[in-house]
Amino acid sequence: MRPSRVRLLLAIAGVYFSSSIVSSALAWDAHGHRTITRLAIDGFVASAGAAAPLPDWLTTESARAQIAYQSSEADRYRGTRSNYLGHENNPDHFLDVEDLATFGLTLSTMPPLRYQYVAAMAVARHVHPDGHKPHNPRLNPTGDQEWPGFVAHAIAEHHAKLTSAFKSVRTLETLNDPARAHQLDMARANVLVHMGHLSHFVGDSAQPLHTTRHHHGWVGDNPNGYTTDRGIHAFIDGTILTIHGLSYDSLKEEARFETKVDAGDPWRDILSYIQRSHDLVEPLYMLHKSGQLTQDPGKPFIAERLLDASSMLAALYTSAWNASTPTDKDVKDFVFYDSPAKAQPAPGMGK
Ligand SMILES: [Zn+2]
């Protein structure tokens, strides 16, 4: 029976499906996201400092704890029931790679700019209306089931926002103006916010079930008899980390930060990273089916996912930092557009 038919019958029976239950995708529990974040900060401190020393405020235990907390904020958004927030936020947590094909796309041909990607899919659906997952606005009011997902775009966008946040801090530190102390405080807080957000989506992508249509159990043809239990998702998000005792402390000695990211345009590196996770979807189901996921072979498998995420995140942090050095013009422009003495924006500016 098609999922839409099941949902329709359940809706008639009065069973309400929130979008988070249907699509859903919390990915690693907060513990997993914190683990990835703390490992990545170690890698960031080790690699970025060589080019341009990181400021002390960014590497304190307090800052690390705040970034680690912030790395689950995008999941906390789900606790507020709002179609506006769900529509914007929910699809950023996953990419069902197989479903790109129904729009004539692949990972490598997917447009890197979010709205061009949406436009390409809308056109494909209009030209070839058959073969697309049906979308029922009544059963999925947030509309987060309409598209394959946006996690690649979320990573690229948050990387750019972090680069901007770093640049603002470094500009204000260059100005070193006591009258701007409140601005510097806020700019530093913005860096922590954006480091946390970027961590979330990088972390989600390392969970193979966030890169596949088989996100809550195997769907469709199932010749190998993989589990169809929706619970596999939550099991990977949290339970398996507990079973294997995976944490920052247990992984920090294993962490290697060898991933490289093109600071100018990290898109190709982001796609390679998602592909690595997607390639492990079926091996994950095989380990689950054989029972080995909770045995010795399962531990390095899951550990490697967390370590790949931390290495990728460290590389993105480092590339954002290295791309954020303000030029003299950046500093002058900052003052020009934010001068306490300037009552009105310059002619032609400030639209
Ligand atoms: Zn998430």
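The values are calculated or read from the model by the stated rules, or taken from the named source; none is laboratory data. Predicted, not measured: the structure shown is a model, and the values here were computed from it. Because the Cβ atoms are built from the backbone with ideal geometry, glycine has one as well, and the counts that use them run over all protein chains shown.
Just to verify a result, which residue in the range 209-232, among those that are more than 22 Å from residue 70 (Cα to Cα) and within 16 Å of the ligand (Cβ to nearest atom), is surrounded by the fewest Cβ atoms within 10 Å (Cβ to Cβ)? I'd like the intermediate steps shown before the answer.
Narrowing the range 209-232 to residues more than 22 Å from residue 70 (Cα to Cα): 209, 211-232.
Imposing the further condition that a residue be within 16 Å of the ligand (Cβ to nearest atom) reduces the set to 209, 211-212, 215-216.
Details: 209: 26, 211: 29, 212: 22, 215: 22, 216: 19.
Restricting to residues being more than 22 Å from residue 70 (Cα to Cα) and within 16 Å of the ligand (Cβ to nearest atom), the top hit is 216.
What's the number of the condition residue 159 fails, among (1) of a type outside the set (Lys, Arg); (2) under 16 Å from residue 331 (Cα atoms); (3) touching a residue at least 12 places away in the same chain (Cβ under 8 Å)?
Condition not satisfied by residue 159: (2).
Please pick out the residue among 18, 72 that is within 16 Å of the ligand (Cβ to nearest atom), at pLDDT below 90, among the polar types (S, T, N, Q) and touching a Lys or Arg at 6+ places or on another chain (Cβ under 9 Å).
Numbers: 72 fails: at pLDDT below 90.
Exactly one of 18, 72 is within 16 Å of the ligand (Cβ to nearest atom), at pLDDT below 90, among the polar types (S, T, N, Q) and touching a Lys or Arg at 6+ places or on another chain (Cβ under 9 Å), namely 18.
Restricting attention to the range 90-110, and to residues there that are part of a helix (DSSP H, G or I) and more than 16 Å from the ligand (Cβ to nearest atom), which single residue is surrounded by the most Cβ atoms within 10 Å (Cβ to Cβ)? If you could, list the steps in order and put the result at the bottom.
The first filter runs over the range 90-110 and keeps only residues part of a helix (DSSP H, G or I), leaving 90-93, 97-103.
Cutting the leftovers down to more than 16 Å from the ligand (Cβ to nearest atom) gives us 97-103.
Details: 97: 25, 98: 16, 99: 17, 100: 20, 101: 11, 102: 18, 103: 21.
Filtering first and then ranking leaves 97.
Residues in the range 272-290: is at least one polar (S, T, N, Q), exposed (fewer than 13 other Cβ atoms within 10 Å of the Cβ), at pLDDT 95 or above and assigned to a helix (DSSP H, G or I)?
We begin by selecting, within the range 272-290, every residue polar (S, T, N, Q); these are 272, 275, 277, 290.
Going one step further and asking which of them are exposed (fewer than 13 other Cβ atoms within 10 Å of the Cβ), we end up with 290.
Narrowing further to those that are at pLDDT 95 or above: 290.
Filter again for assigned to a helix (DSSP H, G or I), leaving 290.
Within the range 272-290 (the criterion being polar (S, T, N, Q), exposed (fewer than 13 other Cβ atoms within 10 Å of the Cβ), at pLDDT 95 or above and assigned to a helix (DSSP H, G or I)), the answer is yes, since at least one residue qualifies.
Does residue 37 count as away from the ligand (no atom under 16 Å from the Cβ) and β-branched (Val, Ile, Thr)?
Working: away from the ligand (no atom under 16 Å from the Cβ): no; β-branched (Val, Ile, Thr): yes.
When the stated conditions are applied, residue 37 does not pass them.
On the basis of being among the hydrophobic types (A, V, I, L, M, F, W, C) and either touching a Lys or Arg at 6+ places or on another chain (Cβ under 6 Å) or farther than 16 Å from residue 300 by Cβ (or both), does residue 240 make the cut? Quick ask: steps written out before the conclusion?
On the way: among the hydrophobic types (A, V, I, L, M, F, W, C): yes; either touching a Lys or Arg at 6+ places or on another chain (Cβ under 6 Å) or farther than 16 Å from residue 300 by Cβ (or both): no.
No.
Condition check ((1) in contact (Cβ under 8 Å) with a residue 12 or more places away in the chain; (2) touching a His at 6+ places or on another chain (Cβ under 6 Å); (3) not in a helix (DSSP H, G or I)) across all residues:
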position	(1), (2), (3)
185	no, no, no
194	yes, no, no
205	yes, no, no
213	yes, no, yes
226	yes, no, yes
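Being more than 18 Å from residue 29 (Cα to Cα) and surrounded by 17 or more Cβ atoms within 10 Å (Cβ to Cβ) is the filter here; which residues of the range 65-89 pass it? If you could, list the steps in order and put the result at the bottom.
Step one: of the range 65-89, the residues more than 18 Å from residue 29 (Cα to Cα) are 81-88.
Answer for the range 65-89, where residues must be more than 18 Å from residue 29 (Cα to Cα) and surrounded by 17 or more Cβ atoms within 10 Å (Cβ to Cβ): just 86.
For residues that are surrounded by fewer than 16 Cβ atoms within 10 Å (Cβ to Cβ) and under 25 Å from the mean Cα position of the chain (by Cα), scanning just the range 301-344, find the one that is farthest from residue 201 (Cα to Cα).
325
Of the residues 86, 149, 104, 143, only one is free of Cβ contacts under 8 Å to residues at least 40 places away in the same chain and touching a helix residue (DSSP H, G or I) at 6+ places or on another chain (Cβ under 7 Å); which? Walk me through it before giving the result.
Details: 86 fails: free of Cβ contacts under 8 Å to residues at least 40 places away in the same chain; 149 fails: free of Cβ contacts under 8 Å to residues at least 40 places away in the same chain; 143 fails: free of Cβ contacts under 8 Å to residues at least 40 places away in the same chain.
Being free of Cβ contacts under 8 Å to residues at least 40 places away in the same chain and touching a helix residue (DSSP H, G or I) at 6+ places or on another chain (Cβ under 7 Å) holds for just one of 86, 149, 104, 143, which is 104.
Determine, yes or no, whether residue 58 is more than 16 Å from the ligand (Cβ to nearest atom) and of a type in the set (A, V, I, L, M, F, W, C). If you could, list the steps in order and put the result at the bottom.
Details: more than 16 Å from the ligand (Cβ to nearest atom): yes; of a type in the set (A, V, I, L, M, F, W, C): yes.
Yes.
Exactly one condition in (1) in a helix (DSSP H, G or I); (2) touching a His at 6+ places or on another chain (Cβ under 6 Å) is false for residue 159; which is it?
(2)
On the basis of being within 26 Å of residue 37 (Cβ to Cβ), modelled with pLDDT under 95 and within 16 Å of the ligand (Cβ to nearest atom), does residue 144 make the cut? Spell out the reasoning first.
Working: within 26 Å of residue 37 (Cβ to Cβ): yes; modelled with pLDDT under 95: yes; within 16 Å of the ligand (Cβ to nearest atom): yes.
Yes: the conditions hold for residue 144.
List, please: which pairs have Cβ atoms under 7 Å, are six or more places apart or on different chains, and start with a residue in the range 65-79 that is closer than 19 Å to residue 314 by Cβ and end with one that is in a helix (DSSP H, G or I) and more than 15 Å from the ligand (Cβ to nearest atom)?
Correct list of pairs: 66/192; 67/41; 67/192; 67/195; 68/38; 70/192; 70/193.
Do we find that residue 260 is out of contact with any strand residue (DSSP E or B) (no Cβ under 9 Å at 6 or more places or on another chain), closer than 30 Å to residue 222 by Cα and touching a residue at least 40 places away in the same chain (Cβ under 8 Å) in this structure?
no
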